[in-house]
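The values are calculated or read from the model by the stated rules, or taken from the named source; none is laboratory data. Because the structure is predicted, anything quoted here is derived from the model rather than measured. Note: ideal-geometry Cβ built from the backbone for every residue, glycine included; neighbour counts use all protein chains shown.
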């Protein structure tokens, strides 16, 4: 499954009301570490069907990141049943990200 793009407008429908857990990657085009982690998240998204991987550009969508206290990027939150259940910040290797996802699910 490919990653999906989330906006302030579709956040509630795509993330909070999702049947599956959703990992939201808060990023921006100018952020170097965000660019490093993008392909890793694409890869994980293609390999797993137990979680939806979503990306949100914080420059274009300021409301949701602010409401969840996102102050630095990349920040990733996992939402389950409409609640944020796990947070991690910074670029991480694939194995570490998968371990974080597994511990949250």
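What the table below lists for this structure:
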| item | result |
| --- | --- |
| Candidate set from region 6-21 (those that are closer than 11 Å to residue 52 by Cα and within 14 Å of the chain's Cα centre (by Cα)); member that is surrounded by the fewest Cβ atoms within 10 Å (Cβ to Cβ) | 20 |
| Residues of region 71-93 classified as in contact (Cβ under 8 Å) with a residue 12 or more places away in the chain and over 17 Å from residue 22 (Cα atoms), total | 6 |
| Candidate set: region 81-100, residues that are out of contact with any helix residue (DSSP H, G or I) (no Cβ under 7 Å at 6 or more places or on another chain) and outside any loop (DSSP other than H, G, I, E, B); chosen: the one surrounded by the most Cβ atoms within 10 Å (Cβ to Cβ) | 100 |
| Criterion (part of a loop (DSSP other than H, G, I, E, B), modelled with pLDDT of 95 or more and surrounded by 20 or more Cβ atoms within 10 Å (Cβ to Cβ)) met by exactly one of 24, 70 | 70 |
